[in-house]
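Report on the following structure.
No lab work stands behind these numbers, since they all come straight from the coordinates. If you're wondering where the values come from, they're calculated on a predicted model, not measured in any experiment. Note: ideal-geometry Cβ built from the backbone for every residue, glycine included; neighbour counts use all protein chains shown.
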Amino acid sequence: MEESRSTFFFSAAAVIFFLLVSSPPFSTAQLAPTENRILFLVQQFLEYPPSLQSWNNWTNFCSTPPNPSLTIICSDNHITELSIVGNKTSPSHINPKPSPSNFAVSDQTLSERFSMDSFFTVLTKLSNLQKLSLVSVGLWGQLPPKVNRFRSLQVLNLSSNFIYGEIPHSVSTYQSLKSLILSDNLFNGSVPDLSELSFLEEVDLSSNYLGPEFPSLGGNSNLARISLANNSFRSEIPLDLKKLSNALQVFDVSSNRLVGPVPSFLFSMPFIRYVSLAKNQFSGGFAPNVSCGGDLAFVDVSSNLLIGKLPACLSPNVGNKTVIIMWNCLSNTTSKYQRPTSFCQKDALAVKPPARRNQNDGSTLKLGIVLAIIGGVVVVLGLLGFLILVIFRRVQKRRGSEYKCDSFVFEKNANPIRGSPLGRHVPQPMRMTSIGLPPYHVFTLEEMEEATDNFDASNLVGEGSQGQHYKGWLRDGTVVLVKCLKLKQKHSPQALQQHMEVVSKLRHRHLVSVIGHCIVTYQDHPNTASTVFIVLENISNGSLKDHLIDWRKREVLKWPQRMAITMGIARGIQYLHTGGVTGNDLKIENILLDDSLSAKINSYNINLPSKVGAESPLNGQDPSNQTSIENPEKEDIYRLGVILIEVMIGRPVNSQSELDDLKFQFERSLAESPSKLRDLIDPSMRGTFAYESLKTVVQITINCLSKAAAGRPTVEDVLWHMQYSVQVQEGWTSSGNLSGNLSGNLSNKL
């Protein structure tokens with residue numbers, strides 16, 4: 001009995017000792033009552049976001065385990081770090097992005113009851129706070145000057161909110177600030193002077209409306225990362241940034257309107273790794289003696305007005321750097337995406353600051369005389385040109401009267417119809433002539449019969465809802481496809497004539513172009529058209545669908561070839577959208593591939609005038625199945641997204657539910673790991689792509705498949721991302737990661 005009693009007391013003592021040892025000291029588990037109340041007020045101000053909903057009177061804040069949505073760190077019974085990540089959408093994810101002038105409270109912001117001034121009045125009472133991070137919590141309003149009451153603040157992160165107005169100058173008084181992150185808000189106006197913040201290591205003000213002057217940062221010798229992308233800066237890059245050479249690693253000023261020459265010192269800083277100057281108005285040439293730092297890994301100078309030669313150290317073949325140079329006027333490069341030098345010189349003058357006026361009266365007089373002479377010469381040349389044009393049109397009109405199809409006469413220079421989606425004038429890109437195609441021709445019915453051997457059944461290659469498709473041979477030996485459209489309603493030849501005038505201008509390397517036509521009228525009703533024959537170029541290499549479902553053909557389509565095909569499709573869509581041709585029947589079975597695997601869109605939507613509507617012979621959609629599309633341009637982008645998915649997985653998508661599931665899997669793979677993304681794509685092209693190239697295409701594809709039309713990109717946005725993907729792929733290939741016979745040359749293909 002005594003032995004069991006002593007054993008019991010010994011066990012109880014051991015348990016009590018373990019509890020005392022394992023429990024944290026009382027002083028570190030409790031928060032000062034004042035700060036406890038402040039946190040509950042923060043919960044109330046932020047309208048009880050999910051990460052704060054579990055707080056109650058028994059919550060021990062200093063013992064709360066950190067997670068991605070909430071971190072609270074205490075020291076000596078005071079809060080030193082408060083990080084809250086909400087679930088609100090940021091301005092850059094709203095299309096169109098709101099501006100400071102048109103901001104309105106919405107379900108993505110805190111309610112109208114919220115007061116930014118009152119919120120910071122409470123929050124600044126956390127006087128020991130060293131790190132404050134409030135991301136995507138829906139803050140809106142102007143940031144009050146009292147924000148500088150945080151005496152010990154080292155990190156301030158208010159990104160992905162709706163804060164507008166100027167950044168208060170009081171921000172520049174933080175003596176210990178190391179990181180200032182205000183990206184993805186609606187800030188506008190000038191940036192306060194930050195050059196006196198000697199401990200500053202990171203500045204991220206991207207995706208706002210700040211400008212026009214470049215911010216003063218030159219005195220911060222510890223600054224390692226500068227991100228000012230997507231703002232409204234319109235000045236030159238100041239030379240005092242040289243002072244940052246001891247620490248700077250990342251410099252991103254893309255998507256502004258910065259001007260002047262590119263400072264050569266940016267590339268030679270000893271620790272610089274990333275430089276992005278894309279989408280600005282930098283002009284002139286690079287300095288001849290540009291050198292590059294040993295850590296430099298990424299440079300993007302695309303979409304500027306740069307001329308001359310690319311420095312040797314920025315050549316894609318030197319080292320392992322990724323260098324993007326498209327859409328400039330550089331001369332010593334193999335990139336196909338360079339403009340002529342005259343373009344950059346002209347636009348550089350347009351953005352150049354105005355020169356100081358010369359007050360010398362004599363010089364002004366001489367200039368006036370010169371301008372008057374030039375003006376006179378221009379007027380004379382203009383009159384001569386007009387006279388020549390009138391004569392040319394009369395000659396063409398006479399020639400046009402020779403083209404007859406039964407009793408119908410086609411005037412080749414008739415004005416386009418008012419109802420045409422191309423308007424009165426076809427845009428300049430629509431006037432280009434496709435290489436290798438004969439001139440547009442108006443055929444007679446006899447020529448159609450001769451080409452198809454009187455429409456012999458052996459030449460019938462297909463039949464759609466609108467009529468038959470025949471293979472034919474013109475007199476010069478050209479193989480063509482003849483579409484025969486039996487009109488179901490009565491229409492005048494004049495209306496069809498005007499429609500075909502528009503169609504005749506649709507010539508592009510990535511469209512199945514129309515070579516000519518013939519309109520047939522009823523014998524007893526010569527003013528009513530009965531049949532339209534459309535003569536198109538013949539593409540005999542099959543459709544994109546054929547190449548994806550046939551494993552032998554699919555094996556040929558590695559990643560570089562598939563990129564060239566999808567880029568061609570996007571360029572064809574861009575060409576159509578330039579002229580207002582939208583709502584096209586874009587499917588992999590309607591994308592034909594020629595012998596060089598160049599993509600050609602086979603079914604595009606030029607509606608016939610008035611009540612003919614969807615009977616256009618160029619649109620493969622069944623008129624009875626067509627419904628009114630609210631935003632046909634964005635519908636084309638959605639269909640392009642479907643094609644991109646099918647090209648990446650190497651097979652057709654058979655249902656909407658399958659498409660939604662694939663989109664979800666691609667989204668999840670981007671968030672998880674590269675291996676997940678690689679598992680989703682067609683196995684036959686593994687090992688032939690750069691991961692960053694594939695990732696870029698997947699990201700823009702997901703955007704194309706957005707349920708909301710407003711959230712889908714324009715075709716220009718799609719092309720920009722695909723061109724960026726091409727540059728990354730070519731850089732990867734040139735480093736020896738892919739054999740030449742597989743990679744080809746994407747620039748030449750595009």
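Please express the Cα-Cα pair-distance distribution P(r) of the stretch 176-296 as a list of whole percents, one per 10 Å bin, running from 0 to the bin with the greatest distance.
Histogramming the stretch 176-296 at 10 Å steps yields 14, 47, 34, 5, 0 percent.
Would you list, by chain and number, the aspartates and glutamates whose Cα falls below 20 Å from the Cα of LYS558, excluding same-chain residues fewer than 8 positions away?
Partners within reach: ASP546, ASP550, GLU589, ASP594, ASP595, GLU646, ASP679, ASP682, GLU692, GLU730.
Taking H placed 1.01 Å from N in the peptide plane, check which residues at least 5 places from GLY165 or on another chain put their amide H under 5 Å from its amide H.
ASN188
Once the other residues with Cβ under 13 Å from the Cβ of PRO192 are scored (Lys, Arg +1; Asp, Glu -1), what is the net sum?
-4
Measure up LYS131/LYS279; LYS146/LYS279; LYS88/LYS663; LYS336/LYS707; LYS587/LYS707 against 30 Å on the Cα-Cα distance and list the ones that go over.
Beyond 30 Å between Cα atoms: LYS131/LYS279; LYS146/LYS279; LYS336/LYS707.
Provide the gained length on full extension for the span PHE103 to GLU166, in nm with one decimal, where the gain is 0.36 nm per separating residue minus the Cα-Cα distance. Can you show the working numbers first?
Details: separation 63, 0.36 × 63 = 22.68 nm, distance 1.47 nm.
Contour length minus the Cα-Cα distance gives 21.2 nm.
Determine, at each q value in 0.09, 0.10, 0.12 (inverse angstroms), the log₁₀ of I(q)/I(0) that the Debye formula gives when each Cα of the stretch 32-306 is one equal point scatterer.
After summing over all Cα pairs, the log10 values are -0.46, -0.56, -0.78.
Testing the spin-label approximation: label points 7 Å from Cα along Cα→Cβ at ALA708 and TRP551. State their distance in nm.
Between ALA708 and TRP551, the simple spin-label model gives 4.4 nm.
Add +1 for every Lys or Arg and -1 for every Asp or Glu among the other residues with Cβ under 12 Å from the Cβ of GLY462, and state the total.
0
Between the alpha-carbon centers of the stretch 39-105 and the stretch 236-286, tell me the distance in whole angstrom.
Each part's Cα centre sits 35 Å from the other's.
Once phi is turned into ³J(HN,Hα) by the Karplus curve 6.51 cos²θ - 1.76 cosθ + 1.60 with θ = phi - 60°, what whole-Hz value does each residue of the stretch 204-211 show in order, with x for glycine and proline?
Each residue of the stretch 204-211 in turn: 10, 10, 5, 6, 9, 10, 7, x Hz.
Calculate one ³J(HN,Hα) per residue across the stretch 695-704 by plugging θ = phi - 60° into the Karplus curve 6.51 cos²θ - 1.76 cosθ + 1.60, and present them in order as whole Hz with x for glycine and proline.
These are the phi-based 3J(HN,Hα) values: 4, 4, 5, 4, 4, 6, 5, 4, 5, 4 Hz.
In nm, give the distance between the simple-model label positions of PHE455 and ARG678, each being 7 Å from the Cα along the Cα-to-Cβ direction.
Distance between the two pseudo-spin positions: 5.7 nm.
Which peptide among 439-452, 298-311 comes first, and what is the full order, when sorted by highest mean count of other Cβ atoms within 10 Å?
298-311, 439-452
Provide the net charge surrounding PRO683, with neighbours chosen by a C-beta distance below 12 Å and charges set as Lys +1, Arg +1, Asp -1, Glu -1.
Summing Lys/Arg as +1 and Asp/Glu as -1 gives +2.
What is the extension gain from LYS146 to ILE73, computed as 0.36 nm multiplied by their sequence separation minus the C-alpha to C-alpha distance, in nm to one decimal? Can you show the working numbers first?
Details: separation 73, 0.36 × 73 = 26.28 nm, distance 2.32 nm.
Here the answer is 24.0 nm.
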